[in-house]
Amino acid sequence: MPSTHHVIAVTQQGTKVVPAAIPTLTVGDTVLYSYKGSGKLIVVFNGDSPYGTAQDANTKVHGNTKLTITKDGKFQMGCQVVLPDGKPIGWNPVDPSTADSGGTHDVRRKP
């Protein structure tokens, strides 16, 4: 089965930074988090990410960059935007009211 390229659009809705529905992903697929607003998009994973950028906590990847999935599993993530004035908005791991600014990546191995 050939790899698929996914574009996950991320939009700013007030102080929330909301990703579109996240499809089921497969190891080898590529993903680009597309953000067209002002500021810089950062996607934060709680711990490990599906992109092989493992850290102990809060693995960060930048928006508008094509990434290749290298690991299977379920990966919880949140979206943040750093506005031009330096203020971050969106997902906050200690604030449940920002849950709409995130989602889960369900990554499977190729059959």
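Here, each number is a calculation from the coordinates, and none is a lab measurement. Bear in mind that the values here come from a model prediction, so they are computed numbers and not experimental data. Note that we place each Cβ from the backbone using ideal geometry, even for glycine, and neighbour counts take in every protein chain shown.
Structure data summary
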item: Net charge contributed by nearby residues that have their C-beta within less than 13 Å of residue 26 (K/R +1, D/E -1); result: +1
item: Lysines with Cα under 28 Å of residue 74, excluding same-chain neighbours fewer than 8 positions away; result: 16, 36, 40, 60, 66, 110
item: Separation of the residue 83 and residue 13 label points, Cα + 7 Å toward Cβ, nm; result: 1.9
item: Of 81, 94, 44, the one that fluctuates the most in a GNM where the chain has Cα springs shorter than 10 Å; result: 94
item: Enclosed volume per residue, in Å³, of the convex hull spanned by Cα atoms of the chain; result: 92
item: Most mobile of 71, 36, 16 in a GNM of the chain (Cα contacts under 10 Å); result: 36
item: Length-normalised contact order for the chain - Cα pairs under 8 Å, 6+ apart - percent; result: 31
item: Estimated inter-spin distance, residue 62 and residue 74, nm [label 7 Å along Cα→Cβ]; result: 3.2
